[in-house]
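Colleague: Structure below; questions to follow.
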Amino acid sequence: MVSSTENAVLAHESLPPAFVISLDFELHWGVSERVDHPEHPYNANLYGAREVVPRLLELFQRRKISATWATVGKLFADGAEDLAHFVPTRRPAYHNKAVDTYRLPLGTSEQEDPLHFAPSLVQMIKDTPGQELACHTFSHYYCDEAGQDVDSFQADLEAACTITSREGVQCRSFVFPRNQVLPDYLAVLHTVGLDVYRGNPARGLFGLPGNYRLLRAVIRGLRLADSFVNLTGHHTVPWSSLREGSLVNVRASQLLRPYSHKLRAFEPLRRHRVKAGLRAAARSGEIFHLWWHPHNFGKNMDENLTALEDILDEFERLRQSHGMRSMTMDEVADVVFLGIDEVTRGEEVPG
């Protein structure tokens, strides 16, 4: 663990408030046990995500927004034959076979199988200024499923690092699929060269022990309500809390839930909840970390992007009034390890 002296030094530096966006980019790999046949209605969201990614990148570039794209390693491949070169010999032996993504039939190319392969989209992210490609495991690995272990998790991450490095990408940041953050698995991150991860909010409706699983429906309902009304706080992240030994934990603040036609009457509350969190972070000089999946925007695309523009308008006001910065997860880690002066040297800050 980091010493209290190190945290105290970080706390007393002149650090700006920051807005961090991370996206879990996974397409069908992330929902395969739920979206289990070609006629499933959610496939429309997944196909829509392929349009969402370029539109988000255009928006981020136009608005000078940095973002971290936590990408499933298999998306880097261009077809089943290409993917086979990177598959680890040690795989998770899940008791629940439905979550095993190795069972899925695959096409020969991105063109033939656009829900499992996306090298063209990965290249777009790589080519867009201010965007970070991060690791979301190789196979959308589930750390909290029976049958897998830490060794197969490490093999999965090594495979992810190998396929990303082929494209000239050295990932530093990591997001656990389904936010299944387990202490025993954190040591593996540093072993494979990852030094920053997205943890869960320190309080609220996360990290409940396994015997609470019967309450999942209730918990999901409370999380949904919390997206509209402040039930658990803004979950802003103090700079002094980030360092965890050799790792940096940029905890999530809030999930940006997608627009819902059924809940459209509460749309102003949904946006206000996020903007209130941004304002809280700006006032306290802390970090607000917003996250979602591109496929969340795959339906009602225009409504979702309009809501995001509204949120970015609020951020722009705070950028002008409080010096709030848009930062990727690895840029936050650089502030922790190197200091703000090194990270912002030569940076043109909007005035």
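The values are calculated or read from the model by the stated rules, or taken from the named source; none is laboratory data. Because the structure is a prediction, the values reported are computed rather than measured. Heads up, the Cβs are rebuilt from the backbone with ideal geometry, glycines too, and the neighbour counts pull from every protein chain shown. In case anyone asks, the SASA skips ligands and DNA or RNA and just uses the protein heavy atoms, side chains included. Shrake-Rupley method; radii C 1.70, N 1.55, O 1.52, S 1.80 Å.
Colleague: Could you tell me which residue of segment 52-92 is nearest to residue 154 (Cα to Cα), considering only residues that are of a type in the set (Val, Ile, Thr) and under 22 Å from the mean Cα position of the chain (by Cα)?
Modeller: Residue satisfying both the conditions and the ranking: 72.
Colleague: Working only within segment 236-294, note down all residues that are out of contact with any Ser or Thr (no Cβ under 7 Å at 6 or more places or on another chain), more than 27 Å from residue 333 (Cβ to Cβ), open to solvent by less than 50 Å² (accessible area, probe 1.4 Å) and assigned to a helix (DSSP H, G or I).
Modeller: Within segment 236-294, just 267 meets the criteria.
Colleague: Go through segment 39-82 residue by residue and tally those that are aliphatic (A, V, I, L, M) and without any contact (Cβ under 8 Å) to a residue 40 or more places away in the chain.
Modeller: Looking only at that region, the number is 1.
Colleague: Considering segment 93-144 alone, what residues qualify as being surrounded by 14 or more Cβ atoms within 10 Å (Cβ to Cβ), part of a loop (DSSP other than H, G, I, E, B) and either acidic (Asp, Glu) or out of contact with any helix residue (DSSP H, G or I) (no Cβ under 9 Å at 6 or more places or on another chain) (or both)?
Modeller: 94, 100, 110, 113, 144
Colleague: Of (1) surrounded by fewer than 23 Cβ atoms within 10 Å (Cβ to Cβ); (2) in a helix (DSSP H, G or I), residue 40 satisfies all except one. Which?
Modeller: So residue 40 meets the others, but not (2).
Colleague: Further, regarding this structure: Being assigned to a helix (DSSP H, G or I) and either polar (S, T, N, Q) or at pLDDT below 95 (or both) is the filter here, so list the residues in segment 145-160 that pass it.
Modeller: Result: 152, 154.
Colleague: Could you list, in sequence order, the residues of segment 250-285 that are of a type outside the set (S, T, N, Q) and closer than 25 Å to residue 136 by Cα?
Modeller: Of everything in segment 250-285, those that are of a type outside the set (S, T, N, Q) and closer than 25 Å to residue 136 by Cα turn out to be 250, 251, 252, 255, 256, 257, 258, 259, 274.
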